[in-house]
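The values are calculated or read from the model by the stated rules, or taken from the named source; none is laboratory data. Given the structure is predicted, the values throughout are model-derived calculations rather than measurements. Here the Cβ positions follow ideal geometry from the backbone for every residue, glycine too, while neighbour counts run over all protein chains shown.
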């Protein structure tokens, strides 16, 4: 019961964090573009995310006449559920599920989220939504390979599948200093995995209207956005756990810095071309990740 209550509270905390992440992003993008962000609702706009949430959920829910109703309706719910379920793999001090294969569970959750995205795009029965979903699925699967190989490299190094062990093995030196190139590859792969700029092809407004969520409105659209921003928070937390020493030594500052990097990249870089995205995944990231995996496995055999 203690574990269930702990994870229920952490889920509520994640959703509140998502609300303030949207406000932080809009504020920061505003200052990057030399303007004010939201500043009318509440003190300096601090209540703006809650006003947006209320507005979205009280709007009329539309269902396209030719859509496949059941997958269309439940795809956003499944997407958010998976984004919240994956937080089980993050250990918080003594509050954790002591599984020897938590890294594999984490990779499974990341992989299965593709299906909800594909269901959302296909069931809308819209060519724009389907094209956005196909792009997102191809992109997500491509960069999952790099994420898995990078993670397995460090699993080889510590000889354990527990996220908790990553924290324990960084008492003296962070993995960021052991392999800064892998940390950079992991961060860029996280941007692609969460469909963030400059890899936001699934929501290419200029050519796809809005991508796989074109036909969604009201609560469905809100759940898709919640899922996306929950994934950003999770990837930021996972980066801190794997490369920056975990919850030890100023966890909140490290976490906020990685979140800041996600937003900073969005405010700075233009969108890639799609063929360059795939070239980057299969001809740059994959060979480097494989080489590091072989290097760490050779090191393990020698020592």
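Some observations on this one:
- The selection criterion, being surrounded by fewer than 19 Cβ atoms within 10 Å (Cβ to Cβ), under 22 Å from the mean Cα position of the chain (by Cα) and either on the phi < 0 side of the Ramachandran plot or touching a residue at least 24 places away in the same chain (Cβ under 8 Å) (or both), holds for residue 138.
- Test: residue in region 43-50 that is modelled with pLDDT of 90 or more and crowded, with 18+ Cβ neighbours inside 10 Å: yes
- Yes/no for residue 144 being at pLDDT 85 or above and under 29 Å from residue 70 (Cβ atoms): yes
- Matching entry among 67, 81 (being surrounded by 14 or more Cβ atoms within 10 Å (Cβ to Cβ) and part of a loop (DSSP other than H, G, I, E, B)): 67
- Boolean, residue 229 is part of a helix (DSSP H, G or I), at pLDDT 90 or above, more than 20 Å from the chain's Cα centre (by Cα) and crowded, with 16+ Cβ neighbours inside 10 Å: no
- Residues located in region 169-183, provided they are more than 21 Å from the chain's Cα centre (by Cα) and either free of Cβ contacts under 8 Å to residues at least 40 places away in the same chain or closer than 23 Å to residue 291 by Cα (or both): 169, 170, 172, 173, 174, 177, 178, 179
- Count - residues of region 1-19 that are loosely packed, with under 14 Cβ neighbours inside 10 Å and assigned to a helix (DSSP H, G or I): 9
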